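One structure below.
The values are calculated or read from the model by the stated rules, or taken from the named source; none is laboratory data. The structure displayed is predicted, hence computed values, not measured ones. Cβ placement follows ideal geometry from the backbone for every residue including glycine, while neighbour counts extend to all protein chains displayed.
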Amino acid sequence: MRLYAQHIDAIAREIQRDVLFIHFENYTDDQNEEESIRDHVITWLEQHEIEFKPCLGLSGEDEIDSYLGDLYLDIPFDEQNKQYQLVKNYLEDEQGNMKIEHVLFFVLSLEVAEEIAKDQEEKQNLNDQKFS
């Protein structure tokens, strides 16, 4: 089955804010596998009514856009936000180290997402000039 997922930077530009996402190292899409770490995290997110959706990593990384298990979290990056605090406390210890092995928690700023789009546009313009 085909999965439609946006790149995380495209999501940031679309909603015009910094975005949070979770990356799972060593992700495999093996449905026969026992419950994975990712499944446990998804269950926790659902139990705590944290909205999420699959996402791709950064666009334009010169690799095939295959799904690597990343999840966009539909909550603002705001230290005062209760949902953000809940997720942060679940995933990170007090020093900011990840509590769950092979799980990484990221924020991508809107500023960086816009820089990525600008860089891609510049690359495309250079390619267009080469072939015109």
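Give Phe52, Phe24 a once-over and let me know the one that is in contact with a Gly (Cβ under 7 Å, 6 or more places away or on another chain) and either over 19 Å from Gln120 (Cα atoms) or at pLDDT below 95 (or both). So that I can check it myself, show each step before the final result.
Working: Phe52 fails: in contact with a Gly (Cβ under 7 Å, 6 or more places away or on another chain).
Residue meeting the stated conditions: Phe24.
Listed conditions (1) assigned to a loop (DSSP other than H, G, I, E, B); (2) modelled with pLDDT of 85 or more are all met by Asp39, apart from (1).
Could you check region 72-102 and list, in sequence order, the residues that are assigned to a helix (DSSP H, G or I), surrounded by 12 or more Cβ atoms within 10 Å (Cβ to Cβ) and of a type in the set (D, E, K, R)? Before the answer, list the steps.
At the first step, the residues of region 72-102 found to be assigned to a helix (DSSP H, G or I) are 82-91.
Going one step further and asking which of them are surrounded by 12 or more Cβ atoms within 10 Å (Cβ to Cβ), we end up with 83-88, 90-91.
Within region 72-102, just Lys88 meets the criteria.
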